[in-house]
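K.L.:
Below you'll find the structure I mean.
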2 protein chains.
Amino acid sequence: MVLPISVSTMRATAMTPLFRLLILFTCLAWNPSSSGSSPGKPNFVLILLDNIGKEWFGSEGSLEHRTPHIDQLAREGVRFENCYASPICSVSRVLLLTGRYPFRTGWTFHHDAGIYGGGNFDWAREQTFARILRDQGYATGISGKWQISNFNDPGQENSLREHGFDEFLITPGGRQDSKYWDPMLNENGVNSLRKGTYAPDVFVNFAIEFMRHHREQPFMLYLPLTLAHKPFTPTPDHTDPNASPQELFANSVEYADRLVGKVAKSLDELGLRDNTVLFVTSDNGNEDNISARTQSGLVPGKIYTMAEQSINMPLIVNCPRLIPGGRSGSLADYSDLLPTMAELAGIPLPTEHPIDGQSFAAWLRGNDAKPPRTWIHTALQDERVIRNERFKLYASAGTPDKFFDLKNDPQETRNLISSSENDVSTARRQLESILKSFPEDAPMGFEPQSITAREFRAKKQAGSTEKPEAQ
Amino acid sequence: MVLPISVSTMRATAMTPLFRLLILFTCLAWNPSSSGSSPGKPNFVLILLDNIGKEWFGSEGSLEHRTPHIDQLAREGVRFENCYASPICSVSRVLLLTGRYPFRTGWTFHHDAGIYGGGNFDWAREQTFARILRDQGYATGISGKWQISNFNDPGQENSLREHGFDEFLITPGGRQDSKYWDPMLNENGVNSLRKGTYAPDVFVNFAIEFMRHHREQPFMLYLPLTLAHKPFTPTPDHTDPNASPQELFANSVEYADRLVGKVAKSLDELGLRDNTVLFVTSDNGNEDNISARTQSGLVPGKIYTMAEQSINMPLIVNCPRLIPGGRSGSLADYSDLLPTMAELAGIPLPTEHPIDGQSFAAWLRGNDAKPPRTWIHTALQDERVIRNERFKLYASAGTPDKFFDLKNDPQETRNLISSSENDVSTARRQLESILKSFPEDAPMGFEPQSITAREFRAKKQAGSTEKPEAQ
């Protein structure tokens, strides 16, 4: 863990023992799966931030002080010490949406369908949490960045509905389409240029209207904001276009936090807070020219590598009435959100094909003392990583080649792959045996044309084992 | 030939014998290839209309009276009785740009790169007439519809310059981007929404500015207008949005003609007419719900089939000082334009890979009595067609399966593939032997995702030999 942080401090300040007991009692009484009626089902709001490393979140030990609203949600909610995403946007998103590891979905390469075309996230092959919830009566919406369907393709016109989203407002994803000011947006199938607006504001306004409109029925809102992905851009609060990349990024993080706060406040105002589970996370780390001060010192960003800054993301879950707050779990990964939402909604998982995620719903409710996981996994291209609380194993093209003791070597400077020390080699063998149990990568279904995918293929062809440049 | 038309009438009215002699004399004196100096090189303006069948052109026998300006260019210039394009936009365009048949470029399937992504017209593999001319000192520009690069792909940002176009104004090609009113346009790499403008006007204004700017040096301007491709849309001259598709289309043809006239007039005004060779053609036929009255009766449109209405396109070449007008040639196809321009410019053809086109420059100049071709060819998917003046042979997946006597059966109702009649079978064997000399289709280099390409693959997989629906 890169950013050790004292959880006990937060726990102590956040709640008195009596208050916690009260909440636990409420949770034990709340059992939507047995009620059978829709009104008992919780709503879900999943806020996915874009390319903001953990080192920027106060809740995770950042000293940048840019995330007061998120920090408050973490204090009143729960968080994970270690939650693995993938180190790149589209791979993280498919993993998150499906609850299935890249080796199953085939989505092991970055592919921005709106940019490169040639292939799409396939509803005939994969099922999202939105579809699972929608098919059980949830109103579903997405507002923000989708990225994995090419909306220019007439066959993809209806893809968001096919994937389970009844209502949508998204960036169609053309390369020249702005993610911020004057965005081109696709609202329920119709593109329009929103002159004079700032896309993250438009997304959040749409989200709030969606929640208002559906406040009488269970809903799931997926809110993948574009903040703070490149290009680093002035926000409505900090308009200086000549600010440094570091300042622009920091201001974007601050604005993202402000919008998270706005969503939380709207839940209060709409009377939805007590029955809405709010998730806040970020899809991967940020560029290495952006650094953040933390309790562990200055931390440079990482993206597109398997370093912890790239893949170990904040995951905060908040619903004070349903989820006893002030706790932290150790391990989760992005595959877990789908089964967790399904269990909280009392919906059995589809059985057509394997879900890799493990529901941490019982821990959220306070029924289990710990989340279920003993290891977490992520992958990109032909690299796979698995870790437990202390150790992290890398395998490249199927061969385990790096092993680190994160507790004593968080910077991963000493490769212990050949260590014969007893507890080290025991842990390595355990993680190796899990990695070995994973199947080969399923085919992606098309040849991705992203720059990194092309570079990877070119290097494979040239026989090099170097990794492609970050993109 | 679907639309027989008396050329002798036009010839008689267009020029007196003395005037023709004068022009022939001028042409014999004009020999840019021997002068060696740029000022002697002619300019080229190639106007490519979009989905307008031959039955709409007065010069080709239409009685719709929508093309007075084009008809005048045909009278003062030359035309071809039969010029083969391909029956679909992108295949025609690649053929036109490269002078190479689809079996060489691999571009046998429709692929709209801005819509489907996943693959692009590859400058490492193909060379356009623009690049050949640019590399020999021509100023080059394109204004209109390009279609075969995905400009969302960062690797394609510079594709038009790589393909030989110094300056460009194009529709970036997103599916929701308007081809007509309020278009999103990419001008030299920068997208902007042109609110309140009509794209064909913007294209022609850019074209005229380009010609004005480069009037002191040889230039080549490629002007692929979006008119009259779907969606059928009111023009600045006919603004009724409730007009029928037939009316909207006819008005669009009329507007296209008006713009062709505007370009010709600008050549006059800029003093460029005497040294500028103007080509006018259309990439393929139009939808079959649009019909035109002609000297041969009412002709319904055809597109995406190998019927003559789909593939036999007008080709008019006009430069009264350099090209003795009032003549018509029999056979040409889209591969011929590249070598013709190269010869007119005195530029040797590149020798890296075969060009299929045959230059008709000597005929244009009046040096040869006839253009060089005895047969013309086109292809789409696994269907190939070859014809001479009278007969037309089809081959499907390599097997000749249809043979028609177009002189006596222009509607292709009687398949003579098994005829043992002497002149029929002799002609068939001749055309078969040419088809047999063609190589297999080169790979396209990527799997095209257009609806028609997908349908083709699906039907191939299902073992059906039916053709996909028109798109």
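K.L.:
Consider residue B:396 carefully, then state whether it is assigned by TED's automatic domain parsing to the domain that holds residue B:453 and open to solvent by less than 50 Å² (accessible area, probe 1.4 Å).
P.N.:
On the way: assigned by TED's automatic domain parsing to the domain that holds residue B:453: yes; open to solvent by less than 50 Å² (accessible area, probe 1.4 Å): yes.
Yes, satisfied.
K.L.:
May I ask you to list the residues in region A:421-455 that are crowded, with 17+ Cβ neighbours inside 10 Å, in contact (Cβ under 8 Å) with a residue 40 or more places away in the chain and within 14 Å of chain B (Cβ to nearest Cβ)?
P.N.:
Of everything in region A:421-455, those that are crowded, with 17+ Cβ neighbours inside 10 Å, in contact (Cβ under 8 Å) with a residue 40 or more places away in the chain and within 14 Å of chain B (Cβ to nearest Cβ) turn out to be A:444, A:446, A:447, A:448, A:449, A:450, A:452, A:453.
K.L.:
If I filter region A:139-149 for residues that are assigned to a loop (DSSP other than H, G, I, E, B), open to solvent by 10 Å² or more (accessible area, probe 1.4 Å), within 14 Å of another protein chain (Cβ to nearest Cβ) and in contact (Cβ under 8 Å) with a residue 12 or more places away in the chain, do I get at least one hit?
P.N.:
Yes: one or more hits.
K.L.:
Of the residues A:153, A:166, A:201, which is charged (D, E, K, R) and within 14 Å of another protein chain (Cβ to nearest Cβ)?
P.N.:
None of the other options fit; the residue is A:153.
K.L.:
Which one is nearest to residue B:101 (Cα to Cα) among residues in region B:123-158 that are of a type in the set (Phe, Trp, Tyr) and touching a strand residue (DSSP E or B) at 6+ places or on another chain (Cβ under 9 Å)?
P.N.:
If we filter region B:123-158 for residues that are of a type in the set (Phe, Trp, Tyr), which is where we start, we get B:123, B:129, B:138, B:146, B:151.
With touching a strand residue (DSSP E or B) at 6+ places or on another chain (Cβ under 9 Å) added as a condition, the list becomes B:129, B:138, B:146, B:151.
Working: B:129: 14, B:138: 25, B:146: 19, B:151: 25 Å.
Filtering first and then ranking leaves B:129.
K.L.:
What are the residues in region B:111-138 that are more than 17 Å from residue A:153 (Cβ to Cβ), part of a loop (DSSP other than H, G, I, E, B) and not small (Gly, Ala, Ser), if any? Break it down into steps so the answer makes sense when it comes.
P.N.:
Residues of region B:111-138 that are more than 17 Å from residue A:153 (Cβ to Cβ), as a first pass: B:121-138.
From what is left, the residues that are part of a loop (DSSP other than H, G, I, E, B) are B:121-128, B:135-138.
B:121, B:122, B:123, B:125, B:126, B:127, B:128, B:135, B:136, B:138, listed by residue number.
K.L.:
Looking only at residues in region A:282-306 that are part of a strand (DSSP E or B) and open to solvent by less than 40 Å² (accessible area, probe 1.4 Å), which one is nearest to residue A:378 (Cα to Cα)? I'd like the intermediate steps shown before the answer.
P.N.:
Step one: of region A:282-306, the residues part of a strand (DSSP E or B) are A:282, A:291-294, A:297-300.
Going one step further and asking which of them are open to solvent by less than 40 Å² (accessible area, probe 1.4 Å), we end up with A:282, A:291-292, A:294, A:297, A:299.
Numbers: A:282: 15, A:291: 24, A:292: 24, A:294: 25, A:297: 26, A:299: 22 Å.
So the residue we want is A:282.
K.L.:
Scanning for something in the same structural domain as residue A:98 (by TED's automatic domain parsing), within 24 Å of residue A:287 (Cα to Cα) and polar (S, T, N, Q), does region A:175-186 turn up at least one residue? Steps first, please.
P.N.:
Our first condition is that a residue be in the same structural domain as residue A:98 (by TED's automatic domain parsing); within region A:175-186, this holds for A:175-186.
Narrowing further to those that are within 24 Å of residue A:287 (Cα to Cα): A:175-181, A:183.
With the extra rule that they be polar (S, T, N, Q), the set shrinks to A:176, A:178.
Scanning region A:175-186 turns up at least one residue that is in the same structural domain as residue A:98 (by TED's automatic domain parsing), within 24 Å of residue A:287 (Cα to Cα) and polar (S, T, N, Q).
K.L.:
Right, another one. Quickly run through region B:167-195 and pick out the residues that are without any contact (Cβ under 8 Å) to a residue 24 or more places away in the chain, farther than 19 Å from residue A:186 by Cα and surrounded by 16 or more Cβ atoms within 10 Å (Cβ to Cβ).
P.N.:
none
K.L.:
On to the next question. Looking only at region A:104-138, which residues are within 13 Å of chain B (Cβ to nearest Cβ) and of a type in the set (S, T, N, Q)?
P.N.:
Passing the criteria: only A:120.
K.L.:
Right, next: So is residue A:362 outside the structural domain of residue A:56 (by TED's automatic domain parsing), over 23 Å from residue A:260 (Cβ atoms) and not polar (S, T, N, Q) or not?
P.N.:
no
K.L.:
Residue A:183 - would you say it is within 14 Å of chain B (Cβ to nearest Cβ), in contact with a helix residue (DSSP H, G or I) (Cβ under 7 Å, 6 or more places away or on another chain) and within 21 Å of residue A:258 (Cα to Cα)?
P.N.:
Here the answer is yes, as residue A:183 does meet what is asked.
K.L.:
Still on this model: Residue A:250: open to solvent by less than 10 Å² (accessible area, probe 1.4 Å) and under 16 Å from residue A:310 (Cα atoms), yes or no? Spell out the reasoning first.
P.N.:
Values: open to solvent by less than 10 Å² (accessible area, probe 1.4 Å): yes; under 16 Å from residue A:310 (Cα atoms): no.
No.
K.L.:
Would you check if residue A:227 is part of a loop (DSSP other than H, G, I, E, B) and buried (at least 19 other Cβ atoms within 10 Å of the Cβ)? Spell out how you get there, then give the answer.
P.N.:
Working: part of a loop (DSSP other than H, G, I, E, B): yes; buried (at least 19 other Cβ atoms within 10 Å of the Cβ): yes.
Against the criterion (part of a loop (DSSP other than H, G, I, E, B) and buried (at least 19 other Cβ atoms within 10 Å of the Cβ)), residue A:227 qualifies.
K.L.:
I've got another one for you. Every residue in region B:108-138 that is among the hydrophobic types (A, V, I, L, M, F, W, C) and touching a residue at least 12 places away in the same chain (Cβ under 8 Å), please.
P.N.:
Let us first name the residues in region B:108-138 that are among the hydrophobic types (A, V, I, L, M, F, W, C), namely B:109, B:113, B:115, B:121, B:123-124, B:129-130, B:132-133.
Listed by number, the residues that qualify are B:109, B:113, B:115, B:121, B:123, B:129, B:130, B:132, B:133.
The values are calculated or read from the model by the stated rules, or taken from the named source; none is laboratory data. These figures come from a predicted structure and were not determined experimentally. For neighbour counting, all protein chains shown are included, and Cβ atoms are generated from backbone atoms with ideal geometry for every residue, glycine included. Only protein heavy atoms, including side chains, enter the accessible area calculation; ligands, DNA and RNA are left aside. Shrake-Rupley method; radii C 1.70, N 1.55, O 1.52, S 1.80 Å.
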